[in-house]
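In what follows, a structure is listed as structure tokens, so that the remarks can point back to it.
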């Protein structure tokens with residue numbers, strides 16, 4: 001065709017790396033690990049649009065902060081391990097519920113820890129099929145673990161009970 005020049009693209013090593021990273025980002029195994037850190041056996045309980053719903057709750061409604069303690073997503077937070085943490089935006093200490101507290105006594109520098117905060121969307125009634133906005137909350141790691149502690153104990157007991165029952169069954173079958 002006359003008048004149309006062919007454009008040739010040359011890939012530099014940097015462009016080749018970015019192209020490889022781009023293609024790698026669509027790997028199903030990698031994508032599901034990053035977007036949905038949910039156990040494979042429970043994944044079918046979640047709706048197909050769970051990543052979008054979770055993002056809407058975490059960054060739309062909660063504005064990137066934990067809805068229980070108000071810690072900010074993606075930021076490094078200084079904390080004392082008992083729930084008290086330093087709110088750098090407001091420049092004061094907060095407790096585990098996000099309320100302002102007095103400055104800790106002297107010598108606190110020896111026990112201060114640093115944690116990067118990640119907000120996740122949690123089901124308040126522990127039912128992943130109930131995705132109503134009143135049942136979903138944006139929680140940081142600490143608040144999520146505290147909220148799920150009873151459910152984790154129940155599951156740990158159930159799994160141990162199931163393993164013991166299976167062991168008893170295999171022991172009986174081994175005697176026959």
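Take the conditions under 26 Å from residue 42 (Cα atoms) and crowded, with 17+ Cβ neighbours inside 10 Å and apply them to residue 160. Does it pass?
no
Out of the range 54-90, which residues are surrounded by fewer than 16 Cβ atoms within 10 Å (Cβ to Cβ) and outside any loop (DSSP other than H, G, I, E, B)?
55, 59, 60, 61, 76
Taking the range 91-107 only, how many residues are surrounded by 14 or more Cβ atoms within 10 Å (Cβ to Cβ) and either more than 22 Å from residue 141 (Cα to Cα) or in contact with a strand residue (DSSP E or B) (Cβ under 7 Å, 6 or more places away or on another chain) (or both)?
The total comes to 4.
We did not get these values from a lab; they are worked out from the coordinates using the rules stated. Given the structure is predicted, the values throughout are model-derived calculations rather than measurements. Every residue, glycine as well, gets a Cβ built from its backbone with ideal geometry; the counts of neighbours run over all protein chains shown.
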